[in-house]
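Everything below concerns the one structure shown next.
The values are calculated or read from the model by the stated rules, or taken from the named source; none is laboratory data. The structure presented is a predicted model; accordingly, all values stated were derived computationally and were not measured. Backbone-built Cβ (ideal geometry, glycine too); neighbour counts: all protein chains shown.
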Amino acid sequence: NAGVTQTPKFQVLKTGQSMTLQCAQDMNHNSMYWYRQDPGMGLRLIYYSASEGTTDKGEVPNGYNVSRLNKREFSLRLESAAPSQTSVYFCASSKNRANYGYTFGSGTRLTVV
Amino acid sequence: AQTVTQSQPEMSVQEAETVTLSCTYDTSESNYYLFWYKQPPSRQMILVIRQEAYKQQNATENRFSVNFQKAAKSFSLKISDSQLGDTAMYFCAYTGNQFYFGTGTSLTVIP
């Protein structure tokens, strides 16, 4: 029972490079989310997908794009990485709009130099 | 704007004792859900307990219980019989039409 799988676990980028963080869930959840975690700031929502075919901005969407590829997969893309995007990124899923809580992936530590 | 506030950045408790973590929130919604998540040093986020706003009864999960005061917009977590494995960051979270987490409380259980 894998739950939510995120790849990669660690990544170092140079300023201006692009990359895509991958996320997949095998729990048949409708909703998926991308959060970033920064020291002293808790978790902040970047984008979410309430259901397959829909995406919406969260609190801090600038500099990111997302794709809900199918019900299982939700990717996060950084088109031109900046040092301010150095963070730990979490993907999460929920049955419906997180009313029953999230299941989180193990996180991706991204450093932009 | 921050909707969820955790005013205790760090706390400590002796093993086997009881500790309470505070959380307040601000909302105009009538239907919402509140959660506590635990993040141990492994970084994995784990759901501890869930409360539905329309239920007056406080949620309980084994040694973990909440004190939900809807009028005061307060949602505290009580950990009884603290264990070394409870050492972690604890996050309060809100789900309604928006999704917010607090900034976390770092709890250390002292042997």
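If A:S67 passes every condition in (1) among the hydroxyl-bearing types (S, T, Y); (2) surrounded by fewer than 15 Cβ atoms within 10 Å (Cβ to Cβ); (3) in contact (Cβ under 8 Å) with a residue 40 or more places away in the chain but one, which one does it miss?
Condition (3) is where A:S67 drops out.
Pairs please, first residue from region A:7-25 and among the small types (G, A, S), second anywhere and part of a loop (DSSP other than H, G, I, E, B) and modelled with pLDDT under 95, Cβ atoms under 8 Å, 6+ apart in sequence or on different chains.
A:S18/A:E79
Residues of region A:27-51 being crowded, with 17+ Cβ neighbours inside 10 Å and in contact with an Asp or Glu (Cβ under 8 Å, 6 or more places away or on another chain), which ones? Lay out the reasoning, then the answer.
Our first condition is that a residue be crowded, with 17+ Cβ neighbours inside 10 Å; within region A:27-51, this holds for A:29, A:31-37, A:42-50.
Residues satisfying the conditions are A:R44, A:L45, A:I46, A:Y47, A:Y48, A:S49, A:A50.
I'd like to know if region A:59-66 contains one or more residues that are within 11 Å of another protein chain (Cβ to nearest Cβ) and under 22 Å from B:Q39 (Cα atoms).
yes
Got at least one residue in region B:85-102 being within 25 Å of A:Y48 (Cα to Cα), modelled with pLDDT under 95, out of contact with any Cys (no Cβ under 9 Å at 6 or more places or on another chain) and of a type in the set (A, V, I, L, M, F, W, C)?
Yes, region B:85-102 contains a residue that is within 25 Å of A:Y48 (Cα to Cα), modelled with pLDDT under 95, out of contact with any Cys (no Cβ under 9 Å at 6 or more places or on another chain) and of a type in the set (A, V, I, L, M, F, W, C).
Taking the condition of being out of contact with any Phe, Trp or Tyr (no Cβ under 7 Å at 6 or more places or on another chain), part of a loop (DSSP other than H, G, I, E, B) and touching a residue at least 40 places away in the same chain (Cβ under 8 Å), how many residues in region B:3-26 meet it?
Residues flagged as out of contact with any Phe, Trp or Tyr (no Cβ under 7 Å at 6 or more places or on another chain), part of a loop (DSSP other than H, G, I, E, B) and touching a residue at least 40 places away in the same chain (Cβ under 8 Å) within region B:3-26 amount to 9.
Which of the residues that make up region A:89-113 are more than 16 Å from A:Y47 (Cβ to Cβ), in contact (Cβ under 8 Å) with a residue 12 or more places away in the chain and within 14 Å of another protein chain (Cβ to nearest Cβ)?
If we filter region A:89-113 for residues that are more than 16 Å from A:Y47 (Cβ to Cβ), which is where we start, we get A:95-96, A:99-101, A:103, A:106-107, A:109, A:111-113.
Filter once more, so that each one left must be in contact (Cβ under 8 Å) with a residue 12 or more places away in the chain: A:95-96, A:103, A:106-107, A:109, A:111-113.
Of everything in region A:89-113, those that are more than 16 Å from A:Y47 (Cβ to Cβ), in contact (Cβ under 8 Å) with a residue 12 or more places away in the chain and within 14 Å of another protein chain (Cβ to nearest Cβ) turn out to be A:K95, A:N96, A:T103, A:S106, A:G107, A:R109.
Does A:E79 count as free of Cβ contacts under 8 Å to residues at least 24 places away in the same chain, surrounded by fewer than 16 Cβ atoms within 10 Å (Cβ to Cβ) and away from chain B (no Cβ under 14 Å)?
no
Among what's in region B:81-94 and is surrounded by 15 or more Cβ atoms within 10 Å (Cβ to Cβ) and farther than 11 Å from B:L34 by Cβ, pick the residue that is farthest from the other protein chains (Cβ to nearest Cβ).
Residue satisfying both the conditions and the ranking: B:S82.
Got a number for residues in region B:41-74 being more than 14 Å from chain A (Cβ to nearest Cβ) and closer than 16 Å to B:V4 by Cα?
8
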